[in-house]
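Q: This is the structure I have questions about; it appears just below.
What follows draws every value from the coordinates through simple rules; no lab data is involved. Since this is a predicted model, take the numbers as computed values, not measurements. Positions of Cβ are backbone-derived with ideal geometry, glycine not excepted, and every protein chain shown enters the neighbour counts.
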Amino acid sequence: MFIQTEDTPNPQSMKFMPGQAVLGAGKMGLDFPAQETAKTSPLAQALFDVDGVNGIFLGADFVTVTKDATVEWDHIKPAVLGAIADFLTAGIPILAEGVQSDLLTAGSLDEYQGEDRDIVEQIIELIDTRVRPAVAQDGGDIIFHKFVPGDGIVFLTMHGACAGCPSSTLTLKSGIENLLKHYIPEVTSVEAVM
């Protein structure tokens with residue numbers, strides 16, 4: 001199995017692309033920021049067994065691995081590649097039985113009514129069509145969390161390589177905030193949820 005790798009804007013994260021579906025198209029990614037959060041994914045558990053791995057993000061067709069800053073990629077990259085290849089070649093399910101990636105915690109439209117609901121639908125549409133594909137290219141994901149009507153604040157959750165990226169604040173404020181404000185005048189600012 002040939003697995004391509006790409007550096008991400010976050011020097012501690014690397015994107016691994018096995019040339020096949022990981023979670024599959026149309027699914028939200030799953031973020032495992034620590035080993036104890038990986039119980040729902042045998043693949044994430046296997047990757048956390050590699051010394052120096054601090055976080056895992058599973059995307060539609062990629063895996064982003066975040067390492068400890070004290071470890072060099074040259075030291076752990078072969079082990080990560082081996083773990084992914086062994087896992088996918090064996091045909092073991094990526095997620096534990098009964099777990100669905102599209103159930104990732106995201107903001108719900110149910111709490112919004114009337115005009116506020118229309119605004120939130122527009123926000124989600126822009127994020128899903130314009131922001132998420134670009135962020136996925138960098139090995140991460142961004143999910144709508146909530147909108148505060150009246151204040152105009154949009155809260156987003158960043159995952160994968162984006163969660164700890166030094167340029168994530170610039171991306172959030174200069175890129176995403178400007179995009180949303182341009183198309184949706186009710187939006188006044190964008191904030192990250194940690």
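Q: If one takes the longest principal axis of the Cα atoms in the chain, at what angle in degrees, from 0 to 90 and to the nearest 10, does the Cα axis of helix 114-126 lie?
A: Taking Cα atoms only, the helix is inclined about 40 degrees.
Q: How many nm is it between the label spots at residue 45 and residue 115, if each spot is 7 Å from the Cα in line with the beta carbon?
A: Simple spin-label model gives 5.1 nm for this pair.
Q: Express the relative contact order of the chain as a whole percentage, based on alpha carbon pairs under 8 Å and six or more residues apart in sequence.
A: Relative CO of the chain lands at 22 percent.
Q: Could you give the length gained by full extension between residue 68 and residue 37, i.e. 0.36 nm per residue of separation minus their alpha carbon distance, to one decimal place?
A: Using 0.36 nm per residue and subtracting the Cα-Cα distance, I get 9.5 nm.
Q: Then there's this: Grab every C-alpha pair in the range 1-133, bin the distances at 5 angstrom width from 0 up to the longest one, and report whole percents.
A: 2, 10, 18, 21, 17, 12, 9, 6, 3, 2, 0
Q: Sticking with this structure for a sec: Can you give the helix-only mean residue ellipticity at 222 nm for the chain, where every DSSP H stretch with n ≥ 4 adds -39500 (n - 2.57) and the sum goes over all residues, rounded to the nearest 500 deg cm²/dmol?
A: Theoretical 222 nm ellipticity from helices: -7500 deg cm²/dmol.
Q: Let me ask something else. Using Cβ contacts closer than 10 Å as the measure, can you line up 13, 41 from fewest to most?
A: Final ranking by Cβ density, sparse to dense: 41, 13.
Q: Quick one: angle between helix 73-90 and the longest Cα principal axis of the chain, in degrees between 0 and 90, rounded to 10, please.
A: Helix 73-90 sits roughly 90 degrees off the main axis of the chain.
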